[in-house]
Amino acid sequence: MAVIGINYSGCDHDYDDNDERIEISPSDPRYLKYESVYIHYRGGEKVFDSGNFIKDWFDAKGFYARGLMDMEPHLSGSSTCNHFLMDGANFDSAYLHIVDGKPVLRYCTYQDDSRDKMDILIENRDIYENGWEFFVEPGTQPTWEELKEQCK
């Protein structure tokens with residue numbers, strides 16, 4: 001099994017004595033700072049550190065798909081992946097699907113905030129369970145071809 005993870009430091013918030021969120025300024029040393037994406041695999045580690053998280057994640061997934069998938073048939077996400085996002089990294093998820101033999105990015109829909117969160121999760125289940133997660137700038141929905149171009 002190969003493992004993908006994210007090296008970063010800090011987070012963009014803190015909590016006061018009442019568990020209320022306090023934003024941290026970018027000049028604070030605790031502020032979230034992305035460093036790199038890595039893949040650990042049997043016999044090694046590969047680090048992607050261009051400084052662009054979206055590109056590094058894309059390149060790491062490509063490295064796995066082109067060179068490791070046969071040797072390591074499962075790619076697991078390190079807890080650092082969830083922690084990076086929960087600590088304030090501002091990216092949206094895009095899920096790679098193959099539709100009619102072609103790669104397509106699909107996005108979860110969250111338009112109606114008045115609905116029960118579980119209903120929304122269930123409605124989007126096919127997208128996130130059957131797709132391969134990539135990341136995009138918040139509020140954007142590039143196509144697979146556009147994402148590939150951005151990550152060159």
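Return the long-range amide H neighbours of Ala94 (sequence gap of 5 or more, or a different chain), with a cut-off of under 5 Å between placed amide H atoms.
Phe134, Phe135, Val136
Work out how far the C-alpha atoms of region 91-152 reach from end to end along every principal axis, then list the three figures in whole Å, largest first.
Principal-axis extents of region 91-152 (Cα, largest first): 39, 25, 14 Å.
Give the long-range amide H neighbours of Asp14: residues separated by 5 or more places, or on another chain, with amide H under 5 Å away, using H modelled in the peptide plane at 1.01 Å from N.
Ile22, Glu23, Ile24
Report ³J(HN,Hα) in whole Hz for each residue of region 40-52, in order, from the Karplus equation J = 6.51 cos²θ - 1.76 cosθ + 1.60 where θ = phi - 60°; Gly and Pro get x.
With the stated coefficients, region 40-52 comes to 9, 8, 3, x, x, 8, 10, 10, 10, 9, 6, x, 10 Hz.
Could you tell me the extents of region 1-142's C-alpha atoms along the three principal axes, largest first, rounded to whole Å?
Cα extents, longest axis first: 50, 40, 24 Å.
Considering only DSSP beta bridges whose two residues both sit in region 1-90, what percent are antiparallel, to the nearest 5?
Restricted to region 1-90, the bridges split so that about 85 percent are antiparallel.
If I take all pairs of Cα atoms in region 49-131, what percentage of them are more than 21 Å from each other?
44 percent
With the dipole of the chain worked out from charges on the C-beta (+1 for Lys and Arg, -1 for Asp and Glu) around the Cα centre, which of Phe134, Ile54, Gly43 lies farthest toward the positive end?
Projecting each Cα onto the dipole axis, the largest value belongs to Gly43.
Taking the mean number of other Cβ atoms within 10 Å as a proxy for protection, how do you rank 25-31, 82-88 from highest to lowest?
82-88, 25-31
Aspartates and glutamates within cross-link reach of Lys33: Cα-Cα under 13 Å, excluding same-chain residues under 8 positions apart?
Leaving aside aspartates and glutamates fewer than 8 places away in the same chain, those within reach of Lys33 are Asp12, Asp49, Asp87.
Quick one: what are the phi-derived ³J(HN,Hα) couplings along region 128-138, Karplus 6.51/-1.76/1.60 with θ = phi - 60°, whole Hz, x for glycine and proline?
So the J values, rounded to whole Hz, are 7, 7, 10, x, 9, 6, 10, 10, 9, 4, x.
Run through the DSSP bridge list for the chain and note the antiparallel percent, rounded to the nearest 5.
In the chain, DSSP labels about 90 percent of beta bridges as antiparallel.
As a check on your grasp of the helix formula, calculate [θ] at 222 nm for the chain: sum -39500 (n - 2.57) over DSSP H runs of n ≥ 4, divide by the residue count, round to the nearest 500.
Mean residue ellipticity, 222 nm, calculated: -7500 deg cm²/dmol.
Please give the charge dipole size of the chain, origin at the Cα centre, charges +1 on K and R Cβ atoms and -1 on D and E Cβ atoms. Round to the nearest 20 debye.
840 debye
Relative contact order of the chain: what whole-number percent is it, with Cα pairs under 8 angstrom and at least 6 residues apart?
That works out to 24 percent.
Throughout, read-outs are computed from the coordinates displayed, never taken from laboratory work. Because the structure is predicted, anything quoted here is derived from the model rather than measured. A quick note on method: Cβ atoms are made from the backbone with ideal geometry, for glycine too, and the neighbour counts reach across all protein chains shown.
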